Structure formats: structure tokens, C-alpha cells
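Shown next, in C-alpha cells, is the structure this report addresses.
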Amino acid sequence: MTARHLLTRSNLLGTALVVVLLLLPNLATAYFVNFVMTQTLILGLAAATIVFLAKYGGMTSLAQFLLFGIAGFMFGNAAQETGARGLNLGWHPWAAVAFAVVVTTAAAFVLGALASRTTGLYFLMLTMVYAVIGYYVFAQIVEISGPGGLTSIQRPDLLGPPVRLYYTGLGLSVLAYLGFRAVGRTGFGLTLQGVRDDPVRMASLGFNVPLHRTLAFTLAGFVAGAGGLLNVWWNGQIDPASIAIGPTLILLIIAVIGGISSFEGAWLGAFVYVLIFTYLRDLPLIDRIGITEARFNTVIGVIVLLIMMLSPEGLTGIARRLRPGPRPRAGTGRDPSAGEAPSTRTTEKELGVTRS
């Protein structure tokens, strides 16, 4: 890759943003960094897995927040030594981290394998069923959680100060962003995009369509699990209500707000959501027009409606339209600088498949 390809406007803007985020603890208040931005990075990491599955695999999943929660529950069960609920295994925190990641990834593989032969609305509904089942599993099995969940969960000593958790979230977010984009340029990623565009053709070419979908779901589950660990360290507790249908739909809304076809949109949507959730109630005279904390979901719904009316591609789609320079061709809905294959035909060429 030449220097010209590296010094693109998007790469320069991305690098500048990362530098600003690295310096943010010195520029903003501790509350903004440790509450608003840390929560943004955590939710953005989880939302990025929805974008990954939708963008490359054509799969809109409602199971990501379940996997997000499984990691938190498994860490709490393994790391805690005493407590009224949970297994209380008392393991070393980093052994508990490994345990949580392995269990979450294994669960993602199993759930992905079961859902890999469904598409579209059926895939969406099946993953929603996963979320409902997961809620009841943790709510009813008191040995691993129970209705009250797990409390007083301590994060590893290395991540003791809150600002270290922020930097950990930033590092994982950068790795996830670069990793997902890199996957899209690999043989696996190109094949997955071909499966998204025309699974019948890809199957006829000899590709194992269910396996590719399963592996994509597993990778997304692994990243969601990393976000779940950050979340349980940030909150210090986790309960079944935190992975119920409400939070599950909120994560999808976050991806839609930012733009479900753009990885940047995952964190942008999370930032907008956290800002609204945190500061809306403090706006002057906001209660005079009937907007109270109890009506927060209505406000979010109106904002999502307005964004979708302006741009089905979310906030990143609006930003793309305002940006000077070449725009995606009509009907493609893709950024020409994204670098992904726009169709199955391109995927076949990249993979060296020839047709008689």
C-alpha cells in the first residue's frame, strides 16, 4: 500500500480523532470522560458488531446485546469470591476474563450455527428469540444470576482508575474498527459479501454459505463479549433487566442513528444516544414542553424518525452528503472510498473464480 493510499482524507481525519480522544482526559471534565465517553465507547463497540453483520453479511442481529451480557455474567460468576447469587468461583480476574470470552464466543458459534440457514426477517426474529430466552435464563436460574443479578463486581487492579477503563475502551474500539474493515478485504470478508449479495450463486460456486455466516456471527460475538466485559467493569454489576428486549432494541437504534452501513456510525450513534440520555433532562425549560425523563424513549423515537427521513443511512449518510467530493453512485448506497466489493461479481474476481 502506497503513501498516497494511506494519506487519504478519511485516514487523516480518523487519526486526528484518535489523537483528540487520547488527549481528551486532559481537555474535558472527569465526568464527561468517565461517564459519557466511556459509555459511548462501550456501546459503540457492541453496536459495531451489528454493523459488521449487516454490512458484510446482510444479517441484522438482535442477539448482540445478549452476547454482550453473557460476557458480563460469566466474568461475575468466575471472579467473585462471595455473594448471595452466582457461582462465586473466586478465580483470578484475568482467568475470569478468559473464561468469559471463551464462553461468549462458544455461545455465539452455537447461536450463529442455528441461525445460519435463515435470512432477512426470519434471521431477525430468531435472534430476537435468542435475546428473550437469554433474559429468562439469567432471570430464572439463580445459580448464575437470578432476578437481582450480580453486584459488587470488581474490575482487575490494572484497570482500577476510571480513566484506564476509558483508554481500554478506546484501544478496543480502534482495534475493532480497523479489524472489521480489514476483514472486509480478506478472502473470508469478500466471500461473506458475496453471500450477502447472492447466497445461491455463492453456494453453486462451492462456498459453504452457512459456515461463513456462522463464523461471521462468532467473530461479532467475540467483539460483543469484549464490550460486555468493559460494561460490567464500568457498572460494577449486571442483572437480567440490563439485557432485556428494551436494551436490545436500544443497541439496534444506536446503530441505525449512526448508520447501519458504516462502522463509524456505531460510535457516532452511541455518542448521540449517550448525550441525549445524559443531558436532555438538564436543558433549560425542557420540562415546559412536556419532555420529561419518563418520555425519553419517545424523544429517541422522534429523533430516529427524523434521521431516517433525512437519510436512511443515518448520521454518517448525512455527513457523506455534506462532504465535498465524489459521491456514491445512485443505487449502490456505498462510499467509493470504502474499499469493499460492491457486488458478487467483484467478489468472484477477487477470489479468482472463473465461470465457463
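The values are calculated or read from the model by the stated rules, or taken from the named source; none is laboratory data. The shown structure was predicted, so the numbers you read here are calculated from the model rather than taken from an experiment. Cβ: placed from backbone, ideal geometry, glycine included. Neighbour counts: every protein chain shown. Heavy atoms of the whole protein, side chains included, go into the accessibility calculation; ligands, DNA and RNA do not. Shrake-Rupley method; radii C 1.70, N 1.55, O 1.52, S 1.80 Å.
Listed values, structure above:
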quantity	calculated
Protection proxy ranking, peptides 216-222, 141-147, average beta carbon neighbours within 10 Å, highest first	216-222, 141-147
C-alpha center-to-center spacing [region 190-210, region 18-87] in angstrom	31
Inter-probe distance in nm under a simple model that places probes 7 Å from Cα toward Cβ, at Glu81 and Val299	4.4
Rounded, prolate or oblate (a/c below 1.5 giving rounded, otherwise prolate when a/b exceeds b/c) for region 73-207 by Cα gyration tensor	oblate
Theoretical gain in end-to-end length, Val142 to Ile318 [0.36 nm per residue, Cα-Cα removed]	58.7 nm
Probe 1.4 Å - accessible area at Tyr130, Å² to nearest ten	20
Using a Förster distance of 30 Å, the FRET efficiency for Trp94-Ser204 (Cβ separation, nearest 0.05)	0.05
Cα-based Rg / Dmax (Å) for region 157-232	16.6, 54
Shape of region 20-152, Cα gyration tensor, a/c cut at 1.5	oblate
13 Å tail of the calculated P(r), region 200-241, as % of Cα pairs	66
Full-stretch length increase - Ala106, Val132 - with 0.36 nm per residue and alpha-carbon distance subtracted	7.5 nm
